[in-house]
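Visitor: Sharing a structure with you now.
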Ligand code: NAI
């Protein structure tokens, strides 16, 4: 097929000019392409054009482009009366309501109007590209072109190959995406495509932790920001997106994957969704909101003014033992060096994926004096502790007081295999690995898409490399063993690379 996506006068059709369609039209016009746009609601396309005019005017004021460039871009946008006017288009991008029948009907209509070489693309966020295309006469020229909101600010666009999509179609969309100054990433059709699949690891594991009583949602947010390095905690993110978006997307992805336990939704999300307690938009979610719709964050309890006598650190995890001993020295703790703790010493363990109870029992330590410290992540901005169900408060407080004595905040959670950050990040890495294993996308593209689309500090595969494929595998394998839940089984991509001691970005021929 001789489709020239670089042709200067390429015409892009946009159908549906709501939040997404107007953004797509804006970047297409700013990228030098002609745009024809339409919407079923009378006046909506004109409103969108006026909006784009304002946005590009603002960009010109800020020096992002010249005034002439801005007005030339707006002049490249024309309003069409309806799909029947899309005949001159080389590519048509659909951004209408998220409904399979509506989308299928629109594309069936379009097929009879546009030329046989015209590419048809959907911006669906949750429907299968293959399913939308299934009833078309020529599903080969159909693909997903999934932008992120707000389009002008979010550089990522996923180019999604449906089962029957031909290579030239996706290649052309990659070029069109680049002309729109986006960063296109190619993947094959899968529930949640690439980015929305990985996002489940962050939000769902956080919800599972809270519903299990391990920590409060505010504590999980604090730990994921300060320990995991995320810009926003999972609950803050769900509040901003709204549970009316996050929960149905989670159910859909889970069911499209034939109830794959890794994507199992959680009741605390469904309850809020059903009660209309959605987050910022309903002024109540996990958090309460003040008059300016800012979340009211429950304050952290102050660190207890307690300090241990002697401290003994378990050598069972040599890396954790070394990191924690170094920190304790800086804090001026009195550290015992014997092979066993003395009679009244505070016992610190540094598990990877194990819970405090498991450490105490397996290492024959006194569970009443045992406190676990998460050493897999840097202990610089916040530290996470947990005790066994029988750890005495005097020992828990002593550990808390000691580890907060240099002013670094400490979160104390209930006993959990993998604390908070270990298990949430391990789930993100595991999902990234399953995307790589299923060839949904190339390893480097998985990381690129996730850092661009979700703003995570690392893509899932690099995150696994930073923590170590071995430790991440250990977290998941321990959780799998302790809970007996296939949700936590390590993906084979991760298992092989952990066993070989190589990077999770290592591709296969
Ligand atoms: P929206 O509700 O803001 O806009 C949809 C527009 O389509 C409306 O202006 C509506 O009048 C028009 N429309 C509905 N049915 C139509 C039809 N049959 N023919 C022509 N126009 C029609 O929705 P939004 O958020 O822009 O979403 C559009 C699509 O983009 C959906 O498929 C959605 O899943 C997807 N998407 C949304 C994202 C988001 O964050 N909002 C992110 C990525 C994809």
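Visitor: With the Cα gyration tensor of the range 369-444 in hand, convert its eigenvalues to equivalent ellipsoid semi-axes via √(5λ) and list them largest first in whole Å.
Guide: Values: eigenvalues 221, 42, 8 Å².
Output for the range 369-444: semi-axes of 33, 14, 6 Å.
Visitor: Just need log10 I(q)/I(0) for the range 66-110 at q = 0.20, 0.23, 0.28 Å⁻¹, Debye formula, equal scatterers on the alpha-carbon atoms, no solvent, rounded to two decimals.
Guide: -0.77, -0.88, -1.06
Visitor: For a footprinting-style exposure proxy, rank 362, 221, 445 by other Cβ within 10 Å, fewest first. Spell out each step's value before the answer.
Guide: Values: 362 12, 221 25, 445 19.
With the fewest neighbours first, 362, 221, 445 line up as 362, 445, 221.
Visitor: Could you check the spin-label model distance between residue 134 and residue 260? Points 7 Å from the Cα along Cα→Cβ, value in nm.
Guide: Roughly 1.9 nm, to one decimal.
Visitor: Which value, to two decimals, describes the C-alpha radius of gyration of the chain once divided by 2.2 N^0.38 Å?
Guide: Details: Rg = 26.1 Å, N = 509, 2.2 N^0.38 = 23.5 Å.
Dividing the Cα radius of gyration by 2.2 N^0.38 Å gives 1.11.
Visitor: How many angstrom lie between the C-alpha centres of the range 9-30 and the range 312-339?
Guide: 59 Å
Visitor: Compute for the range 11-188: radius of gyration divided by Kirkwood radius, i.e. Rg/Rh, restricted to C-alpha atoms, rounded to two decimals. Each step should come with its number before you reach the end.
Guide: Working: Rg = 15.1 Å, Rh = 15.9 Å.
My calculation puts Rg/Rh at 0.95.
Visitor: Also, quick follow-up: Could you tell me how many degrees, from 0 to 90 and to the nearest 10, lie between the Cα long axis of helix 318-330 and the main elongation axis, the longest principal axis, of the Cα atoms of the chain?
Guide: Helix 318-330 sits roughly 70 degrees off the main axis of the chain.
Visitor: Kindly provide the Kirkwood hydrodynamic radius of the range 140-261 in Å, to one decimal, from all pairs of distinct alpha carbon atoms. Mind dumping the intermediate values first?
Guide: Working: mean 1/r = 0.0618 Å⁻¹.
For the range 140-261, the Kirkwood estimate is 16.2 Å.
Visitor: Given 37 °C and 0.692 mPa s, how large is the Stokes-Einstein diffusion coefficient of the range 310-408 in µm²/s, with Rh as the Kirkwood radius over Cα pairs?
Guide: Result for D is 250 µm²/s.
Visitor: Determine the percent antiparallel among the DSSP beta bridges restricted to the range 310-408, to the nearest 5.
Guide: Numbers: 3 of 11 bridges.
Approximately 25 percent, going by the DSSP bridge assignments.
Visitor: Kindly work out what percent of the DSSP beta bridges joining two residues of the chain are antiparallel, to the nearest 5. Please list the in-between numbers first.
Guide: Values: 12 of 49 bridges.
For the chain, the DSSP antiparallel bridge percentage is about 25.
FYI, it's all coordinate maths here, none of it is from the lab. Since we're looking at a predicted model, the values are computed, not measured. We place every Cβ from the backbone using ideal geometry, glycine too, and count neighbours over all the protein chains shown.
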